[in-house]
Amino acid sequence: QVQLVESGGGSVQSGASLRLSCAASGPTASSLAMGWFRQAPGKDREFVATVNWNSITYYADSVKGRFTISRDNAKNTVYLQMNSLNPEDTAVYYCATGARGASVLRRAPQIEYWGQGTLVTVSE
């Protein structure tokens, strides 16, 4: 069993930056690929970024070049640095993990564990 706890959401203006954190607990947490998804009001949950245990990363086209996913295996924590935020980034952001690799975890049905979500609101 893996538990995920996110933090770092908030309300910012367009162009600002935020960093989300997700602390994972469980016997295998440090070896699992991890990632971030988001869900805007009235929309489906969508892939944002994933990272393997060895820091190989994948990004959605909509965030590539603005967001950076990273992890600290010693702390079992994954981060999402979000720069140049715009109103289209407004969503609840969910930390996620599963037994498959980061490439496969880009697909939401492959996710086995979800965090509770943290709200990011970007205003003009």
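Below are the figures for this structure:
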| item | result |
| --- | --- |
| Cut-off 12 Å between beta-carbons: net charge of the residues surrounding Asp61, Lys and Arg +1, Asp and Glu -1 | +2 |
| Candidates Gly98, Gly42, Gly65, ranked by Gaussian network fluctuation over the chain, Cα under 10 Å, top entry | Gly42 |
| For the stretch 1-82, the fraction of alpha-carbon pairs in successive 10 Å shells from zero, as % | 17, 50, 28, 5 |
| Added length on full extension, which subtracts the Cα-Cα distance from 0.36 nm per residue, Lys75 to Ser17 | 18.6 nm |
| Square roots of 5 times each gyration tensor eigenvalue, C-alpha, the stretch 49-95, largest first, Å | 21, 12, 9 |
| Share of carbon and sulfur in the accessible heavy-atom surface of the chain [1.4 Å probe, %] | 47 |
| Mean Cα-pair separation over length for the chain, i.e. relative contact order, pairs under 8 Å, 6 or more apart, % | 35 |
| Calculated FRET value between Val104 and Ala40, using beta carbons and R₀ = 35 Å, to 0.05 | 0.90 |
| HN-Hα J in Hz across the stretch 14-20 - Karplus 6.51, -1.76, 1.60, θ = phi - 60°, x for Gly and Pro | 3, x, 7, 10, 9, 10, 9 |
| Accessible surface, per residue, of the chain when the full set of protein chains is kept, probe 1.4 Å, Å² | 50 |
| Amide H within-cut-off set for Trp53, under 5 Å, with H built and near neighbours excluded | Ala33 |
| Inverse of mean 1/r across different Cα pairs in the stretch 9-55, Kirkwood, Å | 13.1 |
| Top positive-direction residue, dipole computed over the chain with Cβ charges, set Gly8, Gly42, Tyr59 | Tyr59 |
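The values are calculated or read from the model by the stated rules, or taken from the named source; none is laboratory data. Note that this is a predicted model, so its numbers are computed, not measured. When we count neighbours, we look across all protein chains shown, and the Cβ atoms used for this are built from the backbone with ideal geometry, even at glycine. Just so you know, the surface numbers come from the protein's heavy atoms only, side chains and all, with ligands and any DNA or RNA stripped out. Shrake-Rupley method; radii C 1.70, N 1.55, O 1.52, S 1.80 Å.
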